[in-house]
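Enquirer: My questions all concern the structure below.
The values are calculated or read from the model by the stated rules, or taken from the named source; none is laboratory data. Everything numeric in this text was worked out from a predicted model, so none of it was measured. When we count neighbours, we look across all protein chains shown, and the Cβ atoms used for this are built from the backbone with ideal geometry, even at glycine. Note: areas computed on protein heavy atoms with side chains; ligands, DNA, RNA excluded. Shrake-Rupley method; radii C 1.70, N 1.55, O 1.52, S 1.80 Å.
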Amino acid sequence: MTAPPAPVRGVIFDKDGTLFDFSTTWEAWAAAFLRRAAQGDEARAERAGAAIGFDLLRARFARDSVVIAGTPSEIATDLAPHFPDLSRDALVTLLNQEAARAPQAEAVPLAPLLTGLRARGLALGVATNDAEAPARAHLEEAQVERYFDFIAGSDSGYGGKPRPGQLVAFCEQTGLGPDAVVMVGDSTHDLLAGRAAGMRSIAVLTGLAPREVLAPLADAVLPDIGGLPGWLDGIAAL
């Protein structure tokens, strides 16, 4: 007889494409960054955009863009040939500066959702491949930073996804076992990190990856994080 799943006591979220709608946030960021870095040279900005899977004229990302799940360092590596006048560190700094200014569109109203999850006694975390400083700026702008017990970026000392370091650190900080934690994200990097950490993983469709890509790696696929309370109720009823 199969044992019932462990009760969920913690949830760790990806940020971009999960807490916040990916396209609204990062399409505006990419256009602003590329034009700033290219110093008004539109053709150069377009070529650099193509290198990171972004069509500047259409303001649209390709589904395999490095920006979707990559770290600032990885994005800077792909951009570097187009900006030989900037060091790699300078590119990362510029990426993070523009990221902190990027407009945030909540995937669902976050404060009510997070209030409800906290009322269930859940520990909450954020694990993002964005840098920690802009991640905290985004959460503070949305007035939800205070709901989280743990916030880690790719530069916080735990590595980036799909490696599980951020998720392991969340468990260590909260004292929870991975079988009691759920990873929620919009990319295969998120789901692979969850699996590597020994957690259940939930995919949401507020990023650019389609259901058919995410479903094989997920325990459940939800339209957005607003469906999480219902999923938790279903797990509790098992």
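Enquirer: Using the Kirkwood radius over Cα pairs, work out the Stokes-Einstein diffusion coefficient for region 1-121 at 10 °C and 1.306 mPa s, in µm²/s as a whole number.
Expert: This corresponds to a translational diffusion coefficient of 98 µm²/s.
Enquirer: Answer with one residue from GLY40, VAL184, LEU86: the one whose Cα lies farthest towards the positive end of the charge dipole of the chain, charges on Cβ with Lys, Arg +1 and Asp, Glu -1.
Expert: Ranked along the dipole, the leading option is VAL184.
Enquirer: At 222 nm, what value in deg cm²/dmol follows for the chain if DSSP H runs of at least 4 each add -39500 (n - 2.57) and the sum is divided by all its residues, to the nearest 500?
Expert: -12500 deg cm²/dmol
Enquirer: Which percent of the accessible area of region 75-126 is formed by carbon and sulfur heavy atoms (probe 1.4 angstrom)?
Expert: 57
Enquirer: Can you give me the accessible area per residue for the chain, using a 1.4 Å probe, in Å²?
Expert: 43
Enquirer: Something else: If DNA, RNA and ligands are ignored and the probe is 1.4 Å, what is the ranking of VAL221, VAL11 by accessible area, most exposed first?
Expert: Highest to lowest solvent-accessible surface, that is VAL221, VAL11.
Enquirer: In Å and on Cα atoms, what radius of gyration and Dmax does region 1-41 show?
Expert: Taking only Cα atoms of region 1-41, I get Rg and Dmax of 19.7, 66 Å.
Enquirer: Additional query: Using DSSP, restrict attention to beta bridges with both residues in the chain and report what percent are antiparallel, rounded to the nearest 5.
Expert: Rounded to the nearest five, the antiparallel share is 15 percent.
Enquirer: May I ask you to derive the FRET efficiency for ALA237 and VAL213 from their Cβ-Cβ distance with R0 = 25 Å, giving the value to the nearest 0.05?
Expert: Efficiency, rounded to the nearest 0.05: 0.30.
Enquirer: Can you tell me the order of 224-237, 199-212 when each peptide is scored by its average per-residue count of other Cβ atoms within 10 angstrom, highest first?
Expert: Going from most to least packed, we get 199-212, 224-237.
Enquirer: Still on this structure, I have one more. Under 1.5 on a/c is rounded, so check that first for region 114-221, then, if it is not, pick prolate when a/b is larger than b/c and oblate when it is not; a ≥ b ≥ c are the square roots of the alpha carbon gyration tensor eigenvalues.
Expert: Cα axes put region 114-221 in the rounded bin.
Enquirer: Remind me, what semi-axes does region 62-161 give for its equivalent ellipsoid, largest first in whole Å, using sqrt of 5 times each Cα gyration tensor eigenvalue?
Expert: The answer is 29, 13, 12 Å, longest axis first.
Enquirer: Still on this structure: Only one of the listed values, (1) 50; (2) 46; (3) 56, was derived from the coordinates as percent of Cα pairs over 23 Å apart; which label is it?
Expert: The calculated read-out lines up with (2).
Enquirer: What full-extension length gain, to one decimal in nm, is calculated for ALA50 and GLU172 as 0.36 nm per residue of separation minus the Cα-Cα distance?
Expert: The ALA50-GLU172 span can extend by a further 39.9 nm.
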